[in-house]
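The values are calculated or read from the model by the stated rules, or taken from the named source; none is laboratory data. These figures come from a predicted structure and were not determined experimentally. Cβ placement follows ideal geometry from the backbone for every residue including glycine, while neighbour counts extend to all protein chains displayed.
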């Protein structure tokens, strides 16, 4: 199966990046931590992944939880020894760990664990419609891939909209509709999504290509996943 991966990836207009290695964050920077860290900057683009609740084996989840607990203790101790500020080497190590954990999780998702309800085109269409519903109103949709047991979304929240509220509405609506079609009740998605703030132009282009390439990596056929790219990317690669 041949999936289209764009060679040219133009940046969105008025692109705002965030480089975590800089010594000073923007004034509007904020963050919070649940099981995962979440960074927020007004006007930034985000790559977010949300997955079906049965998509990762319990053993993998327990390992991720143990690793996170070890890191939280390590970071707290390093910060305490450095007057409340993380030393650069510890911050770099933390970012390396986050990238490694993301790769591990993404590889696990692509193995196709769980029911993989989104392999069904009708269920996948519900998710696609939800992602498009508030495009241009609550967020600017840039790219997405709806896979059999998870979804990758690259978007930019608009105005005062919060990414977690937008993704929460996607998950709530699609969960209700898909479960109803199956004659079931209850949640469908893992409660917390994973998201990364886009740093710069290279990061943006690599993320778009990752989204486009994901079905290819997972060795999926055309009827098993849906990839969508925004108009500017499609037009840049039309010739």
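For (1) at negative phi; (2) outside the structural domain of residue 222 (by TED's automatic domain parsing); (3) surrounded by 12 or more Cβ atoms within 10 Å (Cβ to Cβ), each residue gets a yes or a no:
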| site | (1), (2), (3) |
| --- | --- |
| 71 | yes, yes, yes |
| 80 | yes, yes, no |
| 83 | no, yes, no |
| 92 | yes, yes, yes |
| 100 | yes, yes, no |
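Output the residues belonging to the stretch 165-204 that are surrounded by fewer than 18 Cβ atoms within 10 Å (Cβ to Cβ), part of a helix (DSSP H, G or I) and in contact (Cβ under 8 Å) with a residue 24 or more places away in the chain.
169, 173, 177, 181, 201, 203
Have a look at 146, 153, 208, 127 and point out the one that is crowded, with 17+ Cβ neighbours inside 10 Å, within 14 Å of residue 9 (Cβ to Cβ), in contact with a strand residue (DSSP E or B) (Cβ under 7 Å, 6 or more places away or on another chain) and not assigned by TED's automatic domain parsing to the domain that holds residue 103.
Answer to the check: 208.
Please list, ordered by residue number, the strands (runs of 3 or more DSSP E) wholly in the stretch 1-101 having 2 or more residues that are touching a strand residue (DSSP E or B) at 6+ places or on another chain (Cβ under 6 Å) and at pLDDT below 75.
Fully inside the stretch 1-101 and qualifying: 30-33, 37-40.
Just checking, does the stretch 158-167 include any residue being in the same structural domain as residue 138 (by TED's automatic domain parsing) and closer than 29 Å to residue 2 by Cα?
There is no residue in the stretch 158-167 that is in the same structural domain as residue 138 (by TED's automatic domain parsing) and closer than 29 Å to residue 2 by Cα.
When residues of the stretch 37-76 are filtered for being within 20 Å of residue 150 (Cα to Cα) and under 14 Å from the mean Cα position of the chain (by Cα), how many remain?
Of the residues in the stretch 37-76, 10 are within 20 Å of residue 150 (Cα to Cα) and under 14 Å from the mean Cα position of the chain (by Cα).
For the stretch 205-239, give me the residue count where each residue is over 14 Å from residue 151 (Cβ atoms), assigned to a helix (DSSP H, G or I) and in contact with a helix residue (DSSP H, G or I) (Cβ under 8 Å, 6 or more places away or on another chain).
Total meeting the criteria: 4.
Are any of the residues in the stretch 106-113 modelled with pLDDT of 95 or more, under 23 Å from residue 168 (Cα atoms), surrounded by 17 or more Cβ atoms within 10 Å (Cβ to Cβ) and out of contact with any helix residue (DSSP H, G or I) (no Cβ under 7 Å at 6 or more places or on another chain)?
Taking every residue of the stretch 106-113 in turn, none turns out to be modelled with pLDDT of 95 or more, under 23 Å from residue 168 (Cα atoms), surrounded by 17 or more Cβ atoms within 10 Å (Cβ to Cβ) and out of contact with any helix residue (DSSP H, G or I) (no Cβ under 7 Å at 6 or more places or on another chain).
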